[in-house]
1. Of the residues that sit in region B:21-77 and are of a type in the set (Val, Ile, Thr) and modelled with pLDDT under 85, which one is nearest to A:ILE108 (Cα to Cα)?
2. Out of all the residues in region A:87-135, which are acidic (Asp, Glu), under 16 Å from the mean Cα position of the chain (by Cα) and farther than 23 Å from B:LEU71 by Cβ?
3. Please work out which residue is nearest to the chain's Cα centre (by Cα), limiting yourself to region A:159-172 and to residues that are at pLDDT below 80 and away from every other protein chain (no Cβ under 14 Å).
4. For A:VAL186, state whether it is closer than 26 Å to A:CYS231 by Cα, at pLDDT 85 or above and not polar (S, T, N, Q).
5. All but one of (1) within 14 Å of chain A (Cβ to nearest Cβ); (2) modelled with pLDDT under 90; (3) more than 27 Å from A:LEU210 (Cα to Cα) hold for B:GLU96, so report the exception by its number.
6. What's the number of the only condition in (1) part of a helix (DSSP H, G or I); (2) modelled with pLDDT under 90 that B:THR2 fails to meet?
7. For region B:32-70, which positions are facing chain A (nearest Cβ under 7 Å) and in contact (Cβ under 8 Å) with a residue 40 or more places away in the chain?
Amino acid sequence: MAAAMVASVGAPAAALASNLCQTDLLHAFTFSRRCVRVSRLYGCSAETAHAIVLRQVAGVVFADALLEARQVPSSFTFRPASAVVDLADALARLNRQYLLTGSLASSIWDRPRLVKDIDVIVDVRGGLDELVDSLSESFLVLAGPSDSSFAHSMYAQAVHRSSGFRIELFFRVSGHGLYSRATNFVYGDSAMPVRLMPLEELLVSRLIFLGAECPSQAAKLTGAMQLWRRCGSRMDQVRVARLAKRFGVEQWLGRVKGEE
Amino acid sequence: MTSENAYRLRDGVVVMADHHGAVVSDDSGDRVYTGNEVASYILSELKTANSLRRIASGLAAKCRMRAEDVLPDVEEFLDQLHRSGLIVAASAELQEGGE
């Protein structure tokens with residue numbers, strides 16, 4: 001069973017999984033217990049859950065890490081994430097608009113960041129079936145388009161098949177030109193540019209999180225203040241103010257700018 | 001959680017890390033986090049008792065940045081690990097051991 005599953009996730013994963021078994025890593029992570037949890041959580045088969053957990057555990061070890069957004073010491077090199085490149089490729093083939101956001105976008109705009117997953121906003125126009133079909137070549141999408149909750153929640157997760165990195169997909173229809181303002185960013189050795197959320201929207205999205213009283217709010221407030229301090233001069237101030245007003249986070253903007 | 005208190009990985013916590021990224025889990029597998037090389041560095045520093053500020057200083061040196069610039073990320077990750085019970089305050093551990 002395990003051998004058949006390993007074969008289905010490709011040679012690199014198979015080699016790694018074999019190594020993981022030898023080092024008892026699967027035992028350490030109580031693999032079967034996690035499979036049951038994933039199966040219940042996403043309503044998928046035991047076989048699919050097995051593949052998901054295998055990739056989640058195994059992928060990070062040989063993941064391509066993240067980005068080459070700036071010059072950093074060779075001992076701490078950020079490299080392009082194959083997951084992001086595959087995602088950009090799949091979405092470009094569908095001519096589907098998207099924005100990379102979250103800590104990955106902050107890393108590119110600002111400085112190296114702690115990145116635990118990759119957040120992407122995707123234009124839902126054109127339907128979900130086609131999107132999921134296209135993504136399924138490189139990703140395991142953790143909900144099916146036939147699942148009504150998938151469409152209603154406007155949110156899904158995908159696990160990159162070859163790297164195991166987790167991607168959080170937020171489906172949004174934008175009537176405010178959000179996608180058209182995206183900035184192209186070319187990873188070091190990749191021919192495929194990726195679309196980045198603009199700095200102004202990135203800052204305001206952080207303020208919205210602050211307004212929602214998320215966990216570790218103090219750290220996020222500090223992070224937003226630093227983003228403003230280092231990148232504020234590159235932002236369109238009028239647009240920042242307009243976005244903050246639209247989303248009701250003017251008070252948070254004032255705090256970040258040190259006006260309160 | 002203060003910047004001066006030392007924290008370390010709780011006994012039984014499993015960490016797999018290299019220079020690409022890391023996985024950290026409790027012994028039951030109920031709590032699992034993954035991350036990039038920044039997470040990998042932080043976790044490596046938690047193998048022995050280490051303070052938030054010292055970890056941030058080391059990370060900042062690697063990234064050629066100021067410690068206060070990387071502090072929020074380190075703080076957020078440590079807070080998450082602490083709330084999940086994957087790390088413990090070294091002083092608290094000493095007290096537990098002494099009782």
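1. First pass over region B:21-77, keeping only residues of a type in the set (Val, Ile, Thr): B:23-24, B:32, B:34, B:38, B:42, B:48, B:55, B:70, B:74.
Okay, now just the ones that are also modelled with pLDDT under 85, so B:23-24, B:32, B:34.
Numbers: B:VAL23: 23, B:VAL24: 25, B:VAL32: 26, B:THR34: 20 Å.
Ranking the candidates gives B:THR34 first.
2. Taking region A:87-135 and keeping what is acidic (Asp, Glu), we get A:89, A:110, A:117, A:119, A:123, A:129-130, A:133.
From what's left, under 16 Å from the mean Cα position of the chain (by Cα): A:89, A:117, A:119, A:123.
Of everything in region A:87-135, those that are acidic (Asp, Glu), under 16 Å from the mean Cα position of the chain (by Cα) and farther than 23 Å from B:LEU71 by Cβ turn out to be A:ASP89, A:ASP123.
3. Filtering region A:159-172 down to residues at pLDDT below 80 leaves A:159-166, A:171-172.
Among the residues that remain, those that are also away from every other protein chain (no Cβ under 14 Å) are: A:161, A:171-172.
On the way: A:ARG161: 14, A:PHE171: 13, A:ARG172: 15 Å.
Only one residue tops the list, namely A:PHE171.
4. Numbers: closer than 26 Å to A:CYS231 by Cα: yes; at pLDDT 85 or above: no; not polar (S, T, N, Q): yes.
The answer is no for A:VAL186.
5. Status for B:GLU96: all satisfied but (1).
6. With (1) part of a helix (DSSP H, G or I); (2) modelled with pLDDT under 90 applied to B:THR2, the lone miss is (1).
7. B:TYR33, B:GLY35
The values are calculated or read from the model by the stated rules, or taken from the named source; none is laboratory data. Since this is a predicted model, take the numbers as computed values, not measurements. Backbone-built Cβ (ideal geometry, glycine too); neighbour counts: all protein chains shown.
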